[in-house]
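Notes to accompany the following structure.
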Amino acid sequence: METATTTAEGLGQNLVDPGGYCNAATDHGIDFAKMLEVKPRPMQPIHTNRSFDERALSELISSGLSSPRPLRQLETVKSSECLEGLLLSPSIRSGSLVGTPNMHHSFEPHPMISDGWDALRRTLVYFRSKPVGTIAAMDPSEDSLNYNQVFVRDFVPSALAFLMNGEPEIVKNFLLKTLRLQSIEKRIDCFTLGEGVMPASFKVLHDPIRKTDTMIADFGESAIGRVAPVDSGFWWIILLRAYVKSTGDHNLADMPDCQRGITLILTLCLSDGFDTFPTLLCADGCCMVDRRMGIYGYPIEIQSLFFMALRSAKILLKPEGEGKEFLGRIDKRLHALSFHIREYFWLDHAQLNNIYRYKTEEYSHTAVNKFNVIPDSIPDWVFDFLPMKGGYFIGNVSPALMDFRWFAIGNCMAILSSLATPDQATAIMDLFEERWPELIGDMPLKVTYPALEGHDWRIVTGCDPKNTRWSYHNGGSWPVLLWMLTAACIKVGRPQIARRAIEQVEQRLSKDGWPEYYDGKLGRYVGKQARKFQTWSIAGYLVAKMMLEDPSHLGMIGLEEDKKMKKPCLTRSASWTA
């Protein structure tokens with residue numbers, strides 16, 4: 001996630017004028033300055049039943065997934081005085097803001113909550129006096145590099161925290177600002193990127209003399225490896241749906257500019273080409289695993305985010321004009337993508353036994369080993385790692401190659417988007433419980449498992465010294481993933497798994513200075529190059545706590561299973577003719 005510091009001289013066409021944005025992008029008929037001044041609709045108190053009784057959990061989850069949640073009136077958490085409001089039930093919380101007496105409780109809020117909110121608010125970035133995001137980290141002991149910028153993917157847990165706390169303004173501002181940046185020309189050397197690419201990050205420069213703010217975007221031209229972010233556009237769509245779900249503000253998503261922003265992203269990822277798979281072909285370093293880690297091809301993280309973004313876009317797009325055409329294309333792709341991932345990326349004991357007995361060099365529509373995977377390519381660790389009970393989506397499936405590594409984001413997002421079937425989601429949770437030391441350890445959560453070592457590390461990572469074994473992207477433990485794990489656990493009805501993970505985090509994370517990642521097989525050591533006061537580590541914890549306290553928050557980020565996407569009956573290749 002680190003890149004060279006963005007400078008005005010080094011960005012060329014991506015430098016904004018003193019008035020505000022890069023390359024004087026057209027507004028396409030909308031005044032963004034006025035749009036940001038529109039106040040959110042008044043927040044209505046909501047009375048929900050707060051309970052950790054697993055018997056009632058499915059009912060609570062269902063209500064959160066199926067209906068929009070009105071904003072709850074929550075006091076801005078600036079100090080420990082507001083902590084009680086965070087951990088009360090929504091009904092008590094709402095009532096306390098309209099004059100009801102303070103109540104006494106039988107438990108004390110964890111002090112990490114107060115520390116977390118204080119640290120999160122210090123990361124706020126302002127553009128023309130309006131909050132537009134949070135910087136990646138505020139480690140005073142390290143060179144900032146690009147950690148002083150607002151990253152699209154990094155801001156998502158911060159945005160969810162603010163939405164859950166009844167503060168939607170910053171999320172709305174962020175969505176509009178990044179939408180504006182999407183419309184500028186994106187050039188790397190002599191090559192122009194696709195129109196719909198969202199920035200990886202942006203930086204706000206304040207000129208105290210001229211009293212102007214300038215926003216500079218990075219679309220990958222300054223990134224290590226010069227890789228454009230594939231996931232930024234997906235996260236933007238997912239966050240837009242979360243905002244609408246939380247606030248009920250459909251007017252924002254219905255704006256012509258937002259509708260156009262969605263279709264531009266979809267144009268990039270739904271374009272026709274030579275690929276015979278419905279999955280999305282991606283380069284190494286195009287997502288959270290943003291260093292070379294051998295994920296080139298069809299990484300599960302991107303496929304899960306792709307699926308979630310398509311389903312979110314289906315909800316947000318207006319069924320008229322260009323939107324109607326895209327809705328049809330989305331339905332076709334969702335159907336094919338869900339079948340492909342569920343069928344070919346899924347691994348449990350039965351499927352591993354099938355692959356172990358694969359025959360090779362099969363031809364025609366009768367082939368069982370459709371990707372010509374050589375059984376001898378199965379790594380030895382898989383046989384010991386995969387229990388009789390449990391399963392997961394493997395990291396990649398390409399011709400003659402299956403990447404059997406576990407990737408946390410892809411599996412958790414597969415559950416939240418309902419890309420995973422109910423049985424598969426349950427199996428993933430079973431795997432967490434069966435392989436707790438390997439995947440959770442002492443500091444949740446492994447971004448990938450296992451780590452690359454020796455010759456594999458040298459070849460796959462290019463001898464990257466930051467990605468040595470059990471560090472950073474190569475088997476490091478990332479506290480930010482706690483929010484995804486918690487959301488997935490609640491959706492499957494296994495909150496006890498998340499509760500156990502959160503209790504482990506609370507023993508160390510704040511005391512260690514909210515580091516970016518941890519090293520070691522069990523995640524016992526603060527990452528050797530990890531930034532302290534990493535914003536998404538802070539926000540990930542806060543989101544996990546609020547979601548576990550009020551599971552109906554899951555509706556912002558979770559989707560119910562689409563009953564129409566049933567497994568098709570395939571007897572031969574679609575191109576086969578009699």
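Looking at the structure I just gave you, is Phe202 at pLDDT 95 or above, open to solvent by less than 10 Å² (accessible area, probe 1.4 Å) and outside any helix (DSSP H, G or I)?
yes
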Restricting attention to region 457-495, report how many residues are in contact (Cβ under 8 Å) with a residue 60 or more places away in the chain, among the polar types (S, T, N, Q) and under 25 Å from Ala427 (Cα atoms).
2
When you go through (1) outside any loop (DSSP other than H, G, I, E, B); (2) open to solvent by less than 70 Å² (accessible area, probe 1.4 Å) one by one for Thr360, which number turns out not to apply?
(1)
Answer yes or no as to whether Leu268 is touching a residue at least 24 places away in the same chain (Cβ under 8 Å), open to solvent by 10 Å² or more (accessible area, probe 1.4 Å) and on the phi < 0 side of the Ramachandran plot.
yes
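Taking region 530-555, which residues are touching a strand residue (DSSP E or B) at 6+ places or on another chain (Cβ under 8 Å) and either closer than 23 Å to Phe432 by Cβ or open to solvent by 40 Å² or more (accessible area, probe 1.4 Å) (or both)?
Lys532, Phe533, Ala539
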Positions within region 213-249 being touching a Lys or Arg at 6+ places or on another chain (Cβ under 6 Å) and part of a strand (DSSP E or B), in sequence order
Asp213, Ile216
Going through Arg333, Arg292 one at a time, which residue ends up being within 29 Å of Pro450 (Cβ to Cβ), more than 17 Å from the chain's Cα centre (by Cα), open to solvent by 10 Å² or more (accessible area, probe 1.4 Å) and not β-branched (Val, Ile, Thr)?
Arg292
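Of all residues in region 295-327 being part of a loop (DSSP other than H, G, I, E, B) and over 22 Å from Ile262 (Cβ atoms), which is most open to solvent (accessible area, probe 1.4 Å)?
Step one: list which residues in region 295-327 are part of a loop (DSSP other than H, G, I, E, B), which gives 295-296, 298-299, 317-321.
Then drop every residue that is not over 22 Å from Ile262 (Cβ atoms), which leaves 295-296, 298-299.
Working: Ile295: 7, Tyr296: 137, Tyr298: 18, Pro299: 5 Å².
Residue satisfying both the conditions and the ranking: Tyr296.
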Could you please tell me which pairs satisfy a Cβ distance under 7 Å, a separation of 6+ or placement on different chains, a first residue in region 103-125 that is within 12 Å of Leu542 (Cα to Cα) and part of a helix (DSSP H, G or I), and a second residue that is at pLDDT 85 or above and of a type in the set (Lys, Arg)?
Ile113/Lys545
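When you scan region 350-372, how many residues do you find that are under 26 Å from Asp423 (Cβ atoms) and in contact (Cβ under 8 Å) with a residue 40 or more places away in the chain? Lay out the reasoning, then the answer.
Step one: list which residues in region 350-372 are under 26 Å from Asp423 (Cβ atoms), which gives 350-358, 367-371.
Next, from what is left, pick out any that are in contact (Cβ under 8 Å) with a residue 40 or more places away in the chain: 351, 355.
Residues meeting the conditions: 2.
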Consider Leu145 carefully, then state whether it is open to solvent by 20 Å² or more (accessible area, probe 1.4 Å) and at positive phi.
yes
What number of residues within region 502-525 satisfy the criterion of being more than 21 Å from the chain's Cα centre (by Cα), within 25 Å of Met546 (Cα to Cα) and outside any loop (DSSP other than H, G, I, E, B)?
2
Taking region 462-481, which residues are open to solvent by 10 Å² or more (accessible area, probe 1.4 Å) and in contact with a Lys or Arg (Cβ under 8 Å, 6 or more places away or on another chain)?
Gly462, Asp464, Trp470
Qualifying position, being farther than 23 Å from Cys287 by Cβ and modelled with pLDDT of 95 or more, among Thr468, Thr426, Thr448, Thr486:
Thr426
Across region 160-185, what is the total count of residues that are hydroxyl-bearing (Ser, Thr, Tyr) and over 18 Å from the mean Cα position of the chain (by Cα)?
1
Given the conditions (1) closer than 28 Å to Asn353 by Cβ; (2) in contact (Cβ under 8 Å) with a residue 12 or more places away in the chain, which single one is not true for Asp423?
(2)
Can you tell me which condition Thr426 does not meet? The list is (1) under 21 Å from the mean Cα position of the chain (by Cα); (2) surrounded by fewer than 23 Cβ atoms within 10 Å (Cβ to Cβ); (3) not in a helix (DSSP H, G or I), and all the others hold.
(3)
So for region 475-484 (the condition being hydroxyl-bearing (Ser, Thr, Tyr), closer than 23 Å to Phe393 by Cβ and in contact with a strand residue (DSSP E or B) (Cβ under 7 Å, 6 or more places away or on another chain)), does at least one residue qualify?
yes
Of the residues in region 377-395, those that are open to solvent by 10 Å² or more (accessible area, probe 1.4 Å), under 25 Å from Asp284 (Cα atoms) and outside any loop (DSSP other than H, G, I, E, B) number 3
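The values are calculated or read from the model by the stated rules, or taken from the named source; none is laboratory data. Model, not experiment: these values are computed from the prediction. In this analysis, Cβ positions are derived from the backbone assuming ideal geometry, glycine residues included, and neighbour counts consider all displayed protein chains. All accessible areas refer to the heavy atoms of the entire protein, side chains included, with ligands and DNA or RNA removed. Shrake-Rupley method; radii C 1.70, N 1.55, O 1.52, S 1.80 Å.
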